[in-house]
1. For the modelled label position 7 Å from the Cα of LEU119 along Cα-to-Cβ, which residues of the stretch 169-212 have backbone nitrogen atoms closer than 20 Å?
2. Take the chain, compute every pairwise Cα distance, and split them into 5 Å bins from 0; I just need the percent in each bin.
3. Mind checking which of ILE121, ILE52, ILE61 has the largest fluctuation in a GNM of the chain, springs on alpha carbons under 10 Å?
4. With a sphere of radius 12 Å drawn around the Cβ of VAL188, what net charge do the other residues whose Cβ falls strictly inside it have (Lys, Arg +1; Asp, Glu -1)?
5. Given the Cα-Cα distance of ASP191 and ASP112 and 0.36 nm per residue of separation, how much length would full extension add, in nm?
6. Identify the residues of the stretch 168-192 with backbone N under 17 Å of a label point that sits 7 angstrom from the Cα of GLU139 along the Cα-to-Cβ direction, or state none.
7. When the chain is treated as a GNM, springs tying every alpha-carbon pair under 10 Å, which of GLY83, GLY156, GLY46 comes out with the largest mean-square fluctuation?
8. Under a point-charge model restricted to the Cβ atoms of Lys and Arg (+1) and Asp and Glu (-1), what is the dipole moment magnitude of the stretch 107-203 relative to its Cα centre, in debye to the nearest 20?
Amino acid sequence: MEFLPDDIADYIEAHTSQESDLLKKINRETHAKVMMPRMLSGQLQGRYLSMISHLLKPKNILEIGTYTGYSAICLAEGLAEDGKLTTLDINEELETWVRDYFQQAGLSEKIDYRIGNALTIIPTIDQQFDLVFIDADKENYSKYYDLVFDKVKVGGVILADNVLWSGKITKPKPDKDTRALLEFNAKVTNDTRVENVLLPLRDGIMMIRKKN
Ligand code: SAH
Ligand code: CA
């Protein structure tokens, strides 16, 4: 996942705002106790998500792929005063733990955390979103995009994570997930309803704005 030389990556992290103590703890505990801790956003990406959220001051955020709650807390930092974040994850094993983190963050009231398959939950959500973060199974990115599109306000933003897939995106013989991401990146780029920038931040973030 690291595209940059270590010294440059270290310099970037040192010159980006630091995480809160709670986020540091979630980062640490995820690495100590949970499978695939590399999925956690981490300081640089987390601060970027928080920055975007602060700029948009969203009333409603949708996150697909909660994992241990790190990115949800970062995104929630910029919510409008009466704003809400809905976050979805299929993995029930982390639920108690994640709810406890949301509690510690003082966000239990602002975060609607739902366990289940995002593909079946999203169509049941009757809400408009200012900001959507797609970060669940890569295979379904195009489906998530189609499912959320009409629920995104005009001028709203969709962020999709890991779109460079550790660099596999440009290598020959793509596997299933890589093929799905190639398809997603092409679909977004060819979609005349949006403007998009593929940011080379961490594992690649596709930033998409729904045009007026
Ligand atoms: N956003 C988190 C990391 C998410 S990791 C962060 O940045 O810290 C991806 C998550 O997607 C995993 O927790 C996994 O359980 C979840 N996931 C995978 N398939 C899913 C599905 N179909 N519906 C909902 N969640 C899913
Ligand atoms: Ca991710």
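Rule-based calculations on the coordinates, nothing more; no lab input. Computed from a predicted model, the values in this text were never measured in an experiment. For neighbour counting, all protein chains shown are included, and Cβ atoms are generated from backbone atoms with ideal geometry for every residue, glycine included.
1. 175-188
2. 1, 7, 15, 20, 22, 17, 12, 5, 1, 0
3. ILE121
4. Local charge sum for VAL188: 0.
5. 25.4 nm
6. Output list for this probe position: 174-184.
7. GLY83
8. Magnitude of the dipole: close to 340 debye.
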